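Notes for the one structure printed next.
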Ligand SMILES: C[S@@+](CC[C@H](N)C(=O)[O-])C[C@H]1O[C@@H](n2cnc3c(N)ncnc32)[C@H](O)[C@@H]1O
């Protein structure tokens with residue numbers, strides 16, 4: 001992320017939770033239940049923001065599991081720490097995950113409402129699979145809505161360049177990069193793509 005993008009998310013941070021009305025407990029649980037997360041797993045929450053997924057992920061992996069919550073916006077990360085710093089199995093890291101190396105190996109890496117903001121998604125996925133994912137690890141691209149909703153928001157916020165294609169189109173693009181993408185949901189409430197790496 002460049003400085004103007006960091007400033008953009010820092011400015012959004014204080015009102016993020018009141019405006020993010022789609023991530024209701026029911027919807028977040030429904031999305032996460034499709035990801036086969038279980039006790040003892042190591043999870044990467046890439047672009048955790050104010051930590052909307054953290055209480056659910058923390059509970060799903062339990063005491064033997066671990067969640068690394070990554071963000072580059074200090075504004076977002078400060079709020080996430082304030083809300084969920086008490087969760088013993090969650091670690092907060094200020095890292096640009098497209099530029100810097102994340103410590104650890106993970107079963108699942110989740111990009112929740114984050115994918116359109118990536119600069120080099122193919123290279124980032126390649127790097128994550130190489131460095132951070134366990135042998136059967138998966139990267140998940142998810143949203144609590146469809147692409148129409150997301151693109152409208154980005155249009156209103158003058159961030160139309162952060163465009164999200166329909167789930168089946170994005171899965172095809174990712175397959176053309178040499179990964180194996182499966183659409184797990186493509187409804188007005190859930191957009192979920194699971195990406196595996198068959199290159200090893
Ligand atoms: C739209 S917000 C979503 C936040 C959270 N996942 C949610 O759904 O509430 C995108 C977040 O990704 C973070 N982000 C985007 N690109 C990043 C990068 N390369 N490294 C670290 N964080 C990044 C931003 O700072 C921002 O907090």
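With the contact rule set at Cα under 8 Å and sequence spacing of 6 or more, what percent relative contact order holds for the range 3-196?
Dividing the mean separation by the residue count of the range 3-196 yields 18 percent.
Relative to the present Cα-Cα distance, how much length would full extension add between residue 38 and residue 88 at 0.36 nm per residue of separation?
16.3 nm
How far, in nm, would the chain grow between residue 161 and residue 20 when pulled straight, counting 0.36 nm per residue and subtracting the alpha carbon separation?
So the chain would gain 48.7 nm between residue 161 and residue 20.
Rounded to the nearest 0.05, what FRET efficiency do residue 136 and residue 189 give with R0 = 25 Å and r taken as the Cβ-Cβ distance? Could you check?
0.35
Consider all pairwise Cα distances in the chain and report the whole-number % of them above 32 Å.
Beyond 32 Å sits 7 percent of the P(r) for the chain.
Quick note: the coordinates plus some simple rules give every number you see, no bench work behind them. None of these values were measured; they are calculated from a predicted model. No Cβ is skipped: glycine too gets one built from the backbone with ideal geometry, and neighbour counts run over all protein chains shown.
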